[in-house]
Amino acid sequence: MPHDARSWLFCSKCGRPTGPEERFCGGCGFPIPQARATPSILNSSPAIEWTALRITLALIAVALFAAMFALVAVVSTPPDKPQPVAEREKKTESPEPTPPAVPPEEGTQPLRESSPIEVVLQNQNGVLYVPVLINNQITLKFVLDSGASDVSIPIDVVSTLIRTGTLAEADLTGTTTHVLADGREVSSMTFRIRSLKVGDVVLENVSGSDTSANGHLLLGQSFLRRFKSWSIDNERQVLVLPFLQPAVP
C-alpha cells in the first residue's frame, strides 16, 4: 500500500525520497532523522499562493480606484470664474475728478438734489415756454436760454412788477453791463428775485436783470447754474430738473 505523500521525507545528503518507516537512506545509507517534517516544497500549497495573489490584486485594484476617484474629483471641480477684462480695467481706472460745485447766490440756503421732476413746457408758435412763479405773486412765461447770464425780464415788465409790489425797492441791487451777440454793450438794472418757482422746484435769491422792452423773458444761467444738471425732452416737451430740498445742516 503506498504511503501518504505528506509522510515522505527526502534524504538530506542525496535527496532520495524515503518512506516513513525507513531509518537509513536506501540510496546512500545516510541516517534518516526520526523527527519527520514535511518538506518545504510540500508546505507551499497552490491554494495559499492563489489566495495571496488575489489579495494583492485586490489591493492594487482599490488603489487604482482611489486614484481614479481623486482624478475625477479634480477634473469635475469648476475653475474660478475669470473676471471680465472690462471689469478689471474699471477697477483699475482712476476715479474721474468731481467737478467743482457752483456756489449758491449770496444769502441762499444750500440745496440738495433728489429724484428729478418734470415741468411741462408750453408750445406757442414753435417756441417752448416755461411757466415761472415770481415771489409767489405772479406767473410769467419764460423762454429757457442757457446763453443768457441772468434771468432777464423786459424793462416794462420790471416796471409793472415794481409798481405792483412784486419787486420791492430793497430787491434792486444796482446795474451791470451785458455784451450782446452783435458785440454791443448795454447797461442793465439788476435786482434780486426772492422766490422763483418752476414746477415743484423753488429757488431763493435768484439774480435778474432787465432787458429791452421788446425782448423776451429769459430763464438764464442765474437759474440754470444752480442745478448739477438739467435737460429737455423734446419728444414729450418737458423740462427735467432735479428736485431740490434744503440741505441737512
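Within segment 112-149, the set of residues being without any contact (Cβ under 8 Å) to a residue 60 or more places away in the chain and surrounded by fewer than 16 Cβ atoms within 10 Å (Cβ to Cβ) comprises Q122, Q124, N125, G126, V127, Q137, I138, T139.
Of the residues S231, S195, the single one that is hydroxyl-bearing (S, T, Y), surrounded by fewer than 18 Cβ atoms within 10 Å (Cβ to Cβ) and more than 18 Å from P116 (Cβ to Cβ) is S195. In the condition set (1) more than 15 Å from L133 (Cα to Cα); (2) in a strand (DSSP E or B), E235 is compliant with all but (2). Note on segment 123-161: residues that are in contact with a Pro (Cβ under 7 Å, 6 or more places away or on another chain) and of a type in the set (S, T, N, Q) total 1.
The residues on offer are A213, A168, and the sole one that is out of contact with any strand residue (DSSP E or B) (no Cβ under 6 Å at 6 or more places or on another chain) and hydrophobic (A, V, I, L, M, F, W, C) is A168.
How many of the residues making up segment 150-164 are small (G, A, S) and without any contact (Cβ under 8 Å) to a residue 60 or more places away in the chain?
Total satisfying the criteria: 1.
Scanning segment 134-157 for residues that are touching a Phe, Trp or Tyr at 6+ places or on another chain (Cβ under 7 Å) and closer than 21 Å to E185 by Cβ yields a count of 1. Annotation: E21 fulfils all but one of (1) at pLDDT 70 or above; (2) surrounded by 10 or more Cβ atoms within 10 Å (Cβ to Cβ); the unmet one is (2).
The values are calculated or read from the model by the stated rules, or taken from the named source; none is laboratory data. Here the structure is a predicted model, which is why all the values come from computation and not from measurement. Virtual Cβ from ideal backbone geometry, glycine too; neighbours counted across all protein chains shown.
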